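> I am attaching a structure below and will ask some questions about it afterwards.
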Number of protein chains: 2
Amino acid sequence: MSGAVQRRITIKDVAEAAGVGVATVSRVLSGGSASAETRERVLAAAARLDYRPSALGRNLRRRRTGGIGLLVPDITDSFYARLADGVLACARSYGEPVTVGVTGDDPEREAELIGTLIEQSMDRLIAVPSGDGEMWAPALRAGLNVVFADRRGRHDVPSVVPDDRAGVLTAVEYLAGLGHRKIAYLGRHGQSQRVAAFTAALASLGLPADRDLVVHARSSRDSAYAAAAGLLQHRPDVTAVIAGGNVLGEAAVLAARELDVRIPRDVSLIMFDDVPWAELCSPPLTVIAQPAQDIGYRAAELVLRQGRRPPAVTLPTQLVVRASCGPRVATSRR
Amino acid sequence: MSGAVQRRITIKDVAEAAGVGVATVSRVLSGGSASAETRERVLAAAARLDYRPSALGRNLRRRRTGGIGLLVPDITDSFYARLADGVLACARSYGEPVTVGVTGDDPEREAELIGTLIEQSMDRLIAVPSGDGEMWAPALRAGLNVVFADRRGRHDVPSVVPDDRAGVLTAVEYLAGLGHRKIAYLGRHGQSQRVAAFTAALASLGLPADRDLVVHARSSRDSAYAAAAGLLQHRPDVTAVIAGGNVLGEAAVLAARELDVRIPRDVSLIMFDDVPWAELCSPPLTVIAQPAQDIGYRAAELVLRQGRRPPAVTLPTQLVVRASCGPRVATSRR
DNA sequence: AATCATGATGGAATCGTTTCCATGAGTGGA
DNA sequence: TCCACTCATGGAAACGATTCCATCATGATT
């Protein structure tokens, strides 16, 4: 290790080096009025000393902090990773740092993380809310500027979400068009929006809307697998499955393979969220693509713009047909 | 929207409510000495007012900031997402917030992000360094506590890395055992460590170490595809490819499919990094699994522990055999 | 009984910035 | 010539915490 750690350079050092007062330095650096000559002297001194204003001091004084918080259920999930990437891309263009927390879809952990963020005086927060969004009240009261992403938690918080209703409808219509009548939805807990859209879609097409046709998993891989396997095993009459996310889709493919259910011959599969491996999979998966990155980007824009915000932004999804869906064969499986 | 935004509750409010001085409140809350009765009064007041100490004030006074910075090339890449997850898991157990930046493997962007982090008075930083790590000198001089992850940038910075040498050797030996003699390495720029290990491994097994057998891509998907396609097209004599990361592996599979090169019949493929879809791929990919999450976790431990740190931690990799490698067929491809 | 040690307590300084306000210099107009 | 006005400038307060230090009460020791 080379040099000793040097004391932080403060505005006072710059003021001294430039032969002016600290107020003047502050003014020059934040674009206030100053004579051309002083401005030059200050700028030169700041550059020479490699001065960087302390965000701590600034934020303390300004009683707000730059920076935005981001809470996602699982950064390992491609969807949320892309969402986070969108947020980071937008934040970077504003020069704002982003503090990320992983909630694991656990409201308790979420509350804990919100607490940490408030302690940091974060006043802007983008979150994929877990639970029903009830515990957000204290955070909102604390003056937090919140935008929800991917899920519409409460109605008094602006949100950026994919068009679940249209996405589900497209998927159901596509499958119905292939002759499927028993279509199941394999989802995560808390996707009430989509489930509603699903049953509505079934109804509108005159398909049976059996209650057991929607299966819920928790957000872990194991739980997803169990749910998928259970569905495939106990319901030989369903000939098509809509998986409500990429880990659900992965679980469905794995479970089908394990149970010797062939896709698409025995069951057709549509997965929400287009991930790179959907094309690599065998068979390549037909998906409802979601603009994950855009969702993040738009959410960041919303939270960074101070003006009043629209209550909800809905971004379109898109059906990408590959090879995991086929016409229904006349005979039921097995 | 319901209530008005309320003023932040400060230590002064708590002191007043408890009928004591601010110093006493601070002492009680940070575990200093106080009489049982005062302690109780203070704690009660703090709880009643839902007081949260401001990290800004604390950090400003303490002249250090909690919190750790994390710089990764691409949060969308499963490997780095898992690495980040490890960091976040460890940081959470210490209650430390993590600020994430995406460098895109661009030294300039990296330097910019380091600047932002320094302004935030972050004093702890975990980074997957891009470039050769030369521009880290100013950051280190600024007293930053840095740990490198995944890549060993400079030798005066502790690092947590996978055992590339052993991983590469295992892969090469495995392929050689299947009869392959022309083995190519498809890597990213900056993987000098692995390339060295690769040529060493070839040499130790008496295999030809043609210079053209290592192909470099930039870290974008497009660049990876181009490199993979180029390799497959122009070198019909290579019968086995080692892909140095999951996006490289994905590109190789895609390119092979496009060029009608069959895996494993025409070429065998080993991919660095075990991702969930490796098993879903057709054929399922044989991989060198890397403990991405562990790397992140250990790096976070290192950067959070104040004690002196070991210069480098190396974590083992593991060969996971699936179905993308086969014996060399006598005839060359094409 | 006088002194000393101990421990609880609060006042005030400090961290690095922004911003209010007072001061002083210079300019234009009456 | 003098006044009013603008403009640059620097001192000082404030933000919210921690921590040094002095003070004071209490119990113990000689």
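> Give the angle, between 0 and 90 degrees and rounded to the nearest 10, that separates the Cα long axis of helix B:36-49 from the longest principal axis of the Cα atoms of chain B.
Orientation of helix B:36-49: about 70 degrees from the principal axis.
> Would you kindly derive the ³J(HN,Hα) couplings of segment A:59-72 from the backbone phi angles with the Karplus curve 6.51 cos²θ - 1.76 cosθ + 1.60 (θ = phi - 60°), listing them in order in whole Hz, with x for Gly and Pro?
Here the 3J(HN,Hα) series is 5, 4, 5, 6, 6, 7, 10, x, x, 10, x, 9, 10, 10 Hz.
> Moving on to the next point. Quick check: residue separation of residue B:52 and residue B:64 times 0.36 nm, minus the Cα distance between them. What number comes out in nm?
Taking 0.36 nm per residue and subtracting the Cα distance, the gain is 2.5 nm.
> Before rounding to the nearest 500, sum -39500 (n - 2.57) across all DSSP H runs of length at least 4 in chain B and divide by the residue total; then give [θ] at 222 nm in deg cm²/dmol.
Details: 13 runs with 144 residues, N = 334.
Helices in chain B give a 222 nm mean residue ellipticity of -13000 deg cm²/dmol.
> May I ask for the distance between the Cα centers of segment B:266-314 and segment A:281-319, given as a whole number of Å?
After rounding, the separation between the Cα centres reads 30 Å.
> A further question follows. How large, in percent, is the carbon and sulfur part of the accessible surface of segment A:130-205 at a probe radius of 1.4 Å?
Values: 1520 of 2930 Å².
After summing per-atom areas, the C and S share lands at 52 percent.
> So, one more: Treating only the Cβ of Lys, Arg, Asp and Glu as charged (+1, +1, -1, -1), what charge dipole size does the protein assembly as shown show about its Cα centre? Round to the nearest 20 debye.
The dipole of the protein assembly as shown has a size of about 1260 debye.
> P(r) for the protein assembly as shown, please, calculated from all Cα pair distances in 10 Å bins and given in %.
3, 14, 21, 23, 19, 12, 6, 2, 0
> Under a straight-distance cross-link criterion of Cα-Cα below 27 Å, which lysines are reachable from residue A:182, leaving out those fewer than 8 residues away in the same chain?
By straight Cα distance, residue A:182 reaches no lysines at all.
> Okay, next question. Once you order the gyration tensor axes a ≥ b ≥ c over the Cα atoms, which shape class does segment A:164-290 get: rounded for a/c under 1.5, otherwise prolate or oblate by comparing a/b with b/c?
It is rounded, given that a/c, with a ≥ b ≥ c, falls under 1.5.
> Averaged across A:65-73, how many Cβ atoms of other chains sit within 10 Å of each residue's Cβ atom?
2
> Can you pull the percent of segment A:266-326's accessible area that's carbon plus sulfur, 1.4 Å probe, other chains left in place? Provide the component values of the computation, followed by the final result.
Details: 1100 of 2320 Å².
With neighbouring chains kept in place, the figure for segment A:266-326 is 47 percent.
> Running a GNM on chain A with Cα contacts under 10 Å, which residue among A:309, A:63, A:27 ends up with the highest mean-square fluctuation?
Maximum fluctuation in the GNM of chain A, among the listed residues, is at A:27.
> Tell me which residues come under 5 Å, amide H to amide H, from residue B:68 once H is placed; ignore anything under 5 positions away on its chain.
Amide H neighbours of residue B:68: B:98, B:99.
> Got a sec? Charge dipole of chain B, +1 on Cβ for Lys and Arg, -1 for Asp and Glu; which of B:6, B:285, B:329 is way out at the positive end?
B:6
> Working with all protein chains in place, sort A:210, A:50, B:222 by solvent-accessible area computed with a 1.4 Å probe, largest first.
B:222, A:50, A:210
> Could I ask something else about it? For chain B, with a Gaussian network of springs between Cα atoms less than 10 Å apart, report the residue from B:296, B:57, B:245 with the top mean-square fluctuation.
The residue that fluctuates most here is B:57.
> In addition: Once phi is turned into ³J(HN,Hα) by the Karplus curve 6.51 cos²θ - 1.76 cosθ + 1.60 with θ = phi - 60°, what whole-Hz value does each residue of segment B:78-86 show in order, with x for glycine and proline?
For segment B:78-86, the Karplus curve yields 3, 4, 6, 5, 5, 4, 4, 4, x Hz.
> Now for a different question. So, for chain A, what is the accessible surface per residue at a probe of 1.4 Å, expressed in square angstrom?
With the other protein chains kept in place, chain A gives 44 Å² per residue.
> Here's another thing I want to ask about it. With N residues in chain A, what two-decimal value do you get for its Cα radius of gyration over 2.2 N^0.38 Å? All intermediate terms of the calculation are to be shown ahead of the outcome.
Values: Rg = 25.9 Å, N = 334, 2.2 N^0.38 = 20.0 Å.
Here the answer is 1.29, to two decimals.
> Which angle between 0 and 90 degrees, to the nearest 10, do you get for helix B:221-234 versus the longest principal axis of chain B when only C-alpha atoms count?
20 degrees
> Quick check for me: using +1 on Lys/Arg Cβ and -1 on Asp/Glu Cβ, what's the dipole size of segment A:11-53 about its Cα centre, in debye to the nearest 20?
Details: 6 positive and 5 negative charges, 19 e Å.
Dipole magnitude for segment A:11-53 comes out near 100 debye.
> Relative to the first principal axis of the alpha-carbon coordinates of chain A, what is the inclination of helix A:192-204, with its axis defined by its Cα atoms, in degrees from 0 to 90 and to the nearest 10?
Helix A:192-204 sits roughly 40 degrees off the main axis of chain A.
> For segment A:164-290, what is the charge dipole size about the Cα centre, in debye to the nearest 20, if Lys and Arg each add +1 at the Cβ and Asp and Glu each add -1 at the Cβ?
220 debye
> Another one. Out of A:56, A:140, A:315, any idea which swings most in a Gaussian network model of chain A, alpha carbons joined below 10 Å?
A:56
> Calculate how many DSSP beta bridges within the protein assembly as shown are antiparallel, expressed in % of all such bridges and rounded to the nearest 5. Numbers along the way, then the final one.
Details: 10 of 78 bridges.
Of those bridges, close to 15 percent are antiparallel.
> Now for a different question. Only bridges whose two residues both fall in chain B count here: according to DSSP, what percent of them are antiparallel, nearest 5?
Once the DSSP bridges in chain B are tallied, antiparallel ones form about 10 percent.
> From the square roots a ≥ b ≥ c of the eigenvalues of the alpha-carbon gyration tensor of segment B:117-214, which class results: rounded (a/c under 1.5), prolate (a/b over b/c), or oblate?
Taking the square roots of the gyration eigenvalues as a ≥ b ≥ c, segment B:117-214 is prolate.
> Which semi-axes, in whole Å and largest first, does the equivalent ellipsoid of segment B:238-299 have when worked out from the alpha carbon gyration tensor as the square roots of 5 times its eigenvalues?
Semi-axes (√(5λ), whole Å): 24, 11, 9.
> While we're here: If you roll a 1.4 angstrom probe over the protein chains with everything in place, what fraction of the accessible area of segment A:11-53 belongs to carbon and sulfur, to the nearest %? List each step's numbers first, then the result.
Values: 1330 of 2540 Å².
The nonpolar share, carbon plus sulfur, comes to 52 percent.
> Relative contact order for chain B: what percent, with Cα pairs under 8 Å and sequence separation of 6 or more?
Relative contact order here is 17 percent.
> Determine the shape class of segment A:11-53: with a ≥ b ≥ c the square roots of the Cα gyration tensor eigenvalues, call it rounded for a/c under 1.5, and otherwise prolate if a/b is greater than b/c, oblate otherwise. Please report the intermediate quantities before stating the final value.
Working: a/c = 1.43, a/b = 1.34, b/c = 1.07.
Rounded, since a/c falls under 1.5.
> Which whole number gives the average count of other chain Cβ atoms within 10 Å of the Cβ atoms across peptide B:95-101?
On the way: counts 5, 1, 11, 5, 7, 10, 5.
Neighbouring Cβ atoms belonging to other protein chains average 6 per residue here.
> Skipping prolines and chain starts, which residues have an amide H placed within reach, meaning under 5 Å, of the one on residue B:313, given they are 5 or more residues away or on another chain?
B:159, B:160, B:161
> Which whole-number percent is the relative contact order of segment A:11-53 (Cα, under 8 Å, 6+ apart)? Write down the numbers at each step before the final one.
Values: 34 pairs, mean separation 18.6, N = 43.
Answer for segment A:11-53 is 43 percent.
> Give me a single rounded figure for B:117-128: the average over its residues of other chain Cβ atoms within 10 Å of their Cβ.
3
> Just going by the charge dipole of segment B:203-245, with Lys and Arg at +1 and Asp and Glu at -1 on Cβ, which of B:242, B:207, B:224 is farthest out on the positive end?
The Cα lying farthest towards the positive end belongs to B:224.
> Next up: Ignoring ligands, DNA and RNA and using a 1.4 Å probe, state the total buried accessible area between B and A in Å², rounded to the nearest 100.
Numbers: alone 17040 and 17060 Å², together 29310 Å².
So the buried area, both faces added, is about 4800 Å².
> Segment A:74-88: which residues show an accessible-area loss of 40 Å² or more, assembly versus chain alone, 1.4 Å probe?
The answer is A:75, A:76, A:85, A:88 - residues whose exposure falls by at least 40 Å² when every protein chain is included.
> Moving on. Taking H as built 1.01 Å from N, whose amide H comes closer than 5 Å to the amide H of residue A:185, not counting residues under 5 places away?
A:214, A:215, A:242
The values are calculated or read from the model by the stated rules, or taken from the named source; none is laboratory data. Here the structure is a predicted model, which means the values were calculated and not measured. Here Cβ is always computed from backbone atoms with ideal geometry, including for glycine, and neighbour counts include all displayed protein chains. Remember, those area values only see protein heavy atoms, side chains included, never the ligands or the DNA or RNA. Shrake-Rupley method; radii C 1.70, N 1.55, O 1.52, S 1.80 Å.
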